[in-house]
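Written out below as structure tokens is the structure these notes cover.
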Amino acid sequence: MTSNERVIDVTDLRRVYGDGTKGSYEAVRGVGFSVGRGELFALLGTNGAGKTSTVEVIEGLAAPAGGRVRVLGHDPYTERDRVRPRIGVMLQDGGFPNELTVTETVRMWAGCTSGARPVGEALEAVGLQRRGKVRVKQLSGGEKRRLDLALALLGRPEVLFLDEPTTGLDAEGRRDTWELVRRLRAEGTTVLLTTHYLEEAESLADRLAILHEGRIAAEGTVDEVVAAQPAQVSFELPDGYFVGDLPPLGALGVDGHEVEGRLVRLRTGDLQRAATGLLVWARDAGVELRRLDVRGASLEEAFLRIAQEAKGSAREPERAKEMAV
């Protein structure tokens, strides 16, 4: 964390839909993390992983079924009056009145916000200063997301919740939003971000957590999460050669491999050692390694591997039933 002060503190959070009986669904199953002042923390996860269910409790929109949540030292649900004036929330859908203009919408929202910044300043911050007279129903999807962000920033929040902030934005709009978020963080705003764009999390987050089925599957800085995943070397076997003709894979630092036709993929935690050993072998054997691809692990690969491993675990009971029949 960038500060010793825990602005957001979540411990063993649980959220259940239903009355706790057999038909109930536990969407969040013991989630815990902390966010320091001025830090940007990203929550990632597959659809239905529990991101929105988690964030709604932290925002104070719902009570937890178990565990403890503190925002700025207060319970965001039972002490909402002490938390709400100090936070900004950008939901996935703001639900604006379609017939109001952009300026009228911001002015209406400002009337309900303590210490609201001027309307023009809010619109300029998100690039909507020239769209003030346009009715909300005439805005594009990306422009509506910018309006959502303008309203979240009206009260100069200490803590900003961003739920899929760049959905619907073009590449330029996404980059502009990233720069705005970076400026806010540099000024000391604490940001909790949920996003489906892994590049967004990779670019902005100080730390992140990947949720799956209501639990945290991985947490840390981007580098820490990525480092836990293997790098990869892939190539096409030369004509007349087989995997058994390669140097001993263990000696190359290879942890596992896959073969699809003539294409070989090697997984390794020591990319330089594996690639060097393979290239030296190819040179000495006088062969060309076609379709050679050497790459370190990425956040996308870490995310997909977690999802795949979880799917594999989910299939185990099914396999056990099939074998028992």
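The values are calculated or read from the model by the stated rules, or taken from the named source; none is laboratory data. As the structure is a computational prediction, the values presented were derived from the model and not from experiment. Cβ atoms come from the backbone with ideal geometry, glycine included; neighbour counts cover every protein chain shown. Accessible surface areas use protein heavy atoms only, side chains included; no ligands, DNA or RNA. Shrake-Rupley method; radii C 1.70, N 1.55, O 1.52, S 1.80 Å.
Would it be correct to say that residue 207 is under 17 Å from residue 33 (Cβ atoms), open to solvent by 60 Å² or more (accessible area, probe 1.4 Å) and within 15 Å of the chain's Cα centre (by Cα)? When the stated conditions are applied, residue 207 does not pass them. Going through (1) surrounded by fewer than 16 Cβ atoms within 10 Å (Cβ to Cβ); (2) more than 18 Å from the chain's Cα centre (by Cα) one by one, residue 182 falls short only on (2). Taking the listed residues 143, 172, the one that is open to solvent by 70 Å² or more (accessible area, probe 1.4 Å), modelled with pLDDT under 95 and closer than 22 Å to residue 193 by Cα is 172, with no other qualifying. Against the list (1) under 28 Å from residue 13 (Cβ atoms); (2) in contact (Cβ under 8 Å) with a residue 40 or more places away in the chain, the condition residue 82 fails is (2). Cβ separations smaller than 6 Å between residues 6+ apart or across chains give the following pairs from segment 197-208 residues that are in a loop (DSSP other than H, G, I, E, B) to residues that are buried (at least 17 other Cβ atoms within 10 Å of the Cβ) and among the acidic types (Asp, Glu): 206/39.
Those residues that are open to solvent by less than 70 Å² (accessible area, probe 1.4 Å) and part of a strand (DSSP E or B), I need them from segment 277-293; list them, please. Within segment 277-293, just 293 meets the criteria.
Among the residues of this structure, residue 274 does not count as one that is small (Gly, Ala, Ser), under 28 Å from residue 14 (Cα atoms) and crowded, with 20+ Cβ neighbours inside 10 Å. Out of segment 16-62, which residues are open to solvent by less than 10 Å² (accessible area, probe 1.4 Å), more than 23 Å from residue 220 (Cβ to Cβ), in contact (Cβ under 8 Å) with a residue 60 or more places away in the chain and not aliphatic (A, V, I, L, M)? The answer is 59, and nothing else. Does segment 128-139 contain any residue that is under 25 Å from the mean Cα position of the chain (by Cα) and open to solvent by less than 40 Å² (accessible area, probe 1.4 Å)? No.
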